[in-house]
1. Could you size up the charge dipole of segment 199-252 around its Cα centre, putting +1 on the beta carbon of Lys and Arg and -1 on that of Asp and Glu, and report it in debye to the nearest 20?
2. What's the percent breakdown of Cα-Cα distances in segment 59-186 across 5 Å bins, shortest bin first?
3. Using the Cβ atoms and a cut-off under 10 Å, what net charge is assigned to the surroundings of SER348, where Lys and Arg are +1 and Asp and Glu are -1?
4. Nearest 20 debye, what's the magnitude of the dipole of the chain about its Cα centre given +1 on Lys and Arg Cβ and -1 on Asp and Glu Cβ?
5. Keeping all protein chains in place, calculate the accessible area per residue for segment 387-458 (probe 1.4 angstrom), answer in Å².
6. Rank PRO418, ILE55, VAL235 by how far each Cα sits towards the positive end of the charge dipole of the chain (+1 on Lys, Arg Cβ; -1 on Asp, Glu Cβ) and give me just the farthest.
7. Looking at the chain only, what percent of DSSP beta bridges run antiparallel? Nearest 5 please.
8. Over segment 445-512, how many percent of alpha carbon pairs lie in each 5 Å bin up to the one with the longest distance?
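The values are calculated or read from the model by the stated rules, or taken from the named source; none is laboratory data. Worth saying up front: this structure is predicted, and the values here are computed from it rather than measured. Virtual Cβ from ideal backbone geometry, glycine too; neighbours counted across all protein chains shown. Side chains are part of the model used for accessible areas, which takes the heavy atoms of the whole protein and leaves out ligands, DNA and RNA. Shrake-Rupley method; radii C 1.70, N 1.55, O 1.52, S 1.80 Å.
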Amino acid sequence: MTCSDETNGRGRGSRWMQCVVMAGAMLALGCGDEGSVSTGPTGSHHITQGGAQDIARFRSIVAEGDVPDPATLDPVGFFAEHAVDLPDATCGEDVCLHPMLAVAPRFDGSNWTMGFVGLNSPVRPETFERPPLHVVVVVERTLALRAYTGGIDAGILEMAADLQPEDRISLVYYGARTDVLIHNAPPDSPLLTEAVRDRAFETYGDAPALFDALATATELRDTSGFTGATRMLLVTTGRAETGITDRDRIVARAESLVREGTAFSVIGAGDSYEAEVVGKIGELGAGTLAFAEDSGDLHDILVSEAGLSLFPLATDFRMEVEAAPGYEVGRIYGARRASATGERAELSSPALFLGHREGTSAEGGRRGGGGGLFVEFIAQDGTDIGASAPAFVLRASWLAPDGRRVETEETVYNELAPGQNPAPRPDGMMWPVLSDPAHANVFMMLNMYLALRATTTFYDDGDCARALGLIDMVAPTVESWLAEFPSEDISADFDLLMDVQDNTRTQCTVTPVPPAFFAGSCMMS
């Protein structure tokens, strides 16, 4: 999962950055690979999922006057744009969990009961001492990336120039064959400059052997004799067409590197880009995931890697959200690697990282590293559970940096009976029941995502009437919510939704039809 010191510029729409990382295989403590963690001054830095950290492509399509394909609305990227407000991280550990509950009617009068678990940390990454770093750069050099050559070459050299004298760099080029240009060299080594310039116009076959390239990178890591942190940086189209081409085995190779203590960043590029491998490696959450739109963008991403440091917070992290009697688990949102049954939702990660990028602020704002796990609870038919009973139980455990097994359990109660909607207020307004009203904007954040997804899905299905009708239906709810809970993030979401409506109207001349059922809630009406 990811944190609070994101790059703030919106410039090119491709950057998906992360700082505090959770999800997938991470560094095992004791390897010494990203420095040791000691709690500094409290800071309450949000922990959220690795992977896409914005919906830049979605926004760019809207800005061009079109209605995006719903597939471009990445939920984790959408949530990560938000500065999610959580209670202070005062639990006494490096990782604090914050469960909460919202109950509201849906637009059709049925019940919407949604749980949320957010994570944050009191640890301040800027208080850590950065260890020496061995950067192993693995670059696909195929015809598909020829247009990116200038950005790659300049980016590698500028990245090296920004490293510290005690750091080391190795460079691997690959296509159908693999070539080690330099191994474990000081960042100011003239051999690096010579190697990059000598191979500036060379390609290595247009059927990339991605698995072999990662195997070579592993050998370079293992034979370097280097003491300090290791980071892999892969530039790829995501294609694997020579040697071992099984995508699961390639991702498993990357995951094994991370489990052994190597941070792993991946940059996708090219017109023949295949997202499957890039996305799955990015979801390991062990570094940066990015897609470079052009050569200049790729250059900028490479240069930014020199300033990123990652530090382990915890290992063997496990979280379980169990439905209380009277409920069953429905849909889950916000964590790709989470799974759910009728009784519980589960999320596990070999480690949590805390990261810091030099020259960035640790404060919030849009692209604030928001997110968490949303779990829907559905009342069971015939239940006789009354009000003020448990809605769900949160259990979590992990290994702290000092080797302790930390275990925590918390029960979240619903002041209403399962499936019961709140009664209208005296003024006739329907107000949701919130277990933590001071931090309730996370639930409207989810509703905004659901509204955008449903609208674009209706449009994609050729149903302009319901696309427009849904927006008309939710708009008064959002406006009422913002009057009670002002939020720059939710306001920006609402503006985006209105822009989608404008674009839809230019494509369709229909009478809006409010859909009978919407996965979100009306929250207020």
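1. Numbers: 6 positive and 8 negative charges, 44 e Å.
Dipole size: approximately 220 debye.
2. Percent of pairs per bin, in order: 2, 7, 9, 10, 9, 12, 14, 13, 11, 6, 5, 3, 1, 0.
3. Numbers: positive: ARG318, ARG337; negative: ASP316, GLU320, GLU346.
It works out to a net charge of -1.
4. Details: 37 positive and 76 negative charges, 90 e Å.
Rounded to the nearest 20 debye, it is 440 debye.
5. On the way: 3060 Å² over 72 residues.
About 42 Å² of surface per residue is accessible.
6. Going by the Cα projections, it comes out as VAL235.
7. Working: 63 of 89 bridges.
Once the DSSP bridges in the chain are tallied, antiparallel ones form about 70 percent.
8. The percentages, shortest bin first, are 4, 18, 31, 23, 14, 7, 3, 0.
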